[in-house]
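To start, the structure under review is shown below, and the notes come after it.
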Amino acid sequence: MGDSKGIVYWVRRLSELAMLGWLGMMLLLDLVIAVGAGGLQWLVPGCGAAGIAAVVLRRRYRVEGFSAVLGLSFAVSLAIGSVDAPGVPGMAETGSLLILLIGVLRHVEPVRRAAVLACAGLIVLMAESAGRDYHSAGLAFAFLLFASWSMAAGIGGYLRFQQERRTEAVHSVRRAERLELARELHDLVAHHITGIVVQAQAARTVAENKPEAVLPALDAIATAGSEALTSMRRMVTVLRTEDEAGRKPGTTLADLRILTERFSAEGPKVAFEIGQGLDDHTLPPEVMTTLHRVLLESLTNVRKHATRAAWVEADLRRYERVVVLRVRNFGSAASDPRVSRLGGGFGLVGMAERVEALGGRLYAGPSPEGPWEVIAEFPLP
């Protein structure tokens with residue numbers, strides 16, 4: 001990465017030096033012509049030198065430099081046209097104007113301001129062709145200047161179009177990323193808050209039968225709340241970030257086991273089995289991340305809608321070029337309405353979008369044997 005950045009830097013520096021060298025040659029030619037013409041023609045090399053200075057400073061004073069060269073060039077054309085003497089071409093001056101025009105059309109905001117400056121540049125170039133006779137070749141040179149202006153305007157407009165397309169693509173990716181993070185935030189909040197509510201209900205039951213066990217239950221609730229706040233703070237920080245947020249899909253099979261173990265410690269017991277032929281290297285990172293989210297949402301739904309489920313069975317298996325995650329709960333009963341109302345609305349939709357985005361399928365509903373199940377299938381490359 002460092003080597004590529006260094007190469008790009010030196011390529012830009014060399015191209016900048018080549019451009020300035022080309023303008024310098026044009027300025028020398030203007031000086032040679034001005035020496036032979038004499039009179040007010042000395043103004044032309046001076047205008048060319050000002051144009052080169054504006055090119056050097058164009059990144060810091062883009063509009064100011066372009067406007068200054070436009071005004072100076074127009075004044076020189078009027079001054080030379082007011083005397084009865086043959087004009088001389090301002091090649092360094094014209095080249096500088098065209099280079100500055102490309103930068104103005106590419107970078108200046110808003111676009112109508114850039115268009116006004118470009119039209120002003122065309123007027124100045126036409127004034128140059130009219131005010132400096134160029135040995136009775138003014139009409140031909142006017143056509144040449146117009147063609148050069150058209151080419152520079154086309155290049156600047158194309159570069160601006162490509163830059164706007166790139167900017168819009170970046171914004172679209174960021175919007176999609178933030179929508180995905182919003183879905184993840186929903187999953188995270190539902191998971192943690194549901195656990196807190198379940199633990200609070202358990203603490204209330206324990207308080208009636210075994211008051212001395214209430215303090216540990218309250219400590220567990222406080223710990224769960226702190227973890228929820230920390231996780232949500234991290235995700236909201238990413239959502240608020242204006243720059244590109246680097247997110248690494250670092251989910252592993254061990255994370256799936258940890259998730260089921262934490263769920264078993266706080267709610268119904270989970271029997272989780274990983275079939276043969278599956279490891280962290282056989283599953284793509286995006287599949288691993290989606291598996292984790294589907295498992296998290298499925299276990300969260302068990303808490304919401306089957307709080308008194310006897311146990312949960314989850315297994316991850318591979319069938320040739322398909323990996324299947326299945327989550328089933330047994331012995332379910334009606335859930336507490338206060339828990340059922342938590343979250344809702346985007347859980348199954350979010351899971352389906354994630355799975356289908358990877359070319360897979362998702363099924364959620366009662367199984368032929370009776371228990372509710374969630375099945376997610378992912379094709380493997």
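Values quoted throughout were computed directly from the atomic coordinates according to the rules given, and no laboratory measurement underlies them. Please read all numbers here as calculations on a predicted model, not as lab measurements. Using ideal geometry, Cβ is built from the backbone for each residue, glycine included, and neighbour counts are taken over all protein chains shown.
Overview of values
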item: Amide H partners (placed H, <5 Å) of K269, local residues excluded; result: V312
item: Under the Karplus curve 6.51 cos²θ - 1.76 cosθ + 1.60, θ = phi - 60°, whole-Hz ³J(HN,Hα) for region 99-111, x wherever Gly or Pro sits; result: 5, 5, 4, 4, x, 5, 5, 7, 10, 6, 10, x, 5
item: Long-range amide H partners of V322 with built H, under 5 Å; result: L380
item: Ranked E16, E297, criterion: other C-beta atoms within 10 Å, fewest first; result: E16, E297
item: Cβ-derived FRET efficiency at R0 25 Å, Y319 paired with R262, nearest 0.05; result: 0.30
item: Using a Förster distance of 45 Å, the FRET efficiency for M25-V111 (Cβ separation, nearest 0.05); result: 0.85
item: Using θ = phi - 60° and Karplus 6.51 cos²θ - 1.76 cosθ + 1.60, couplings along region 58-69 (whole Hz; Gly, Pro as x); result: 5, 6, 8, 10, 5, 6, 4, x, 5, 5, 5, 5
item: Interchain or long-range residues, amide H under 5 Å from W372's placed H; result: N329, S367
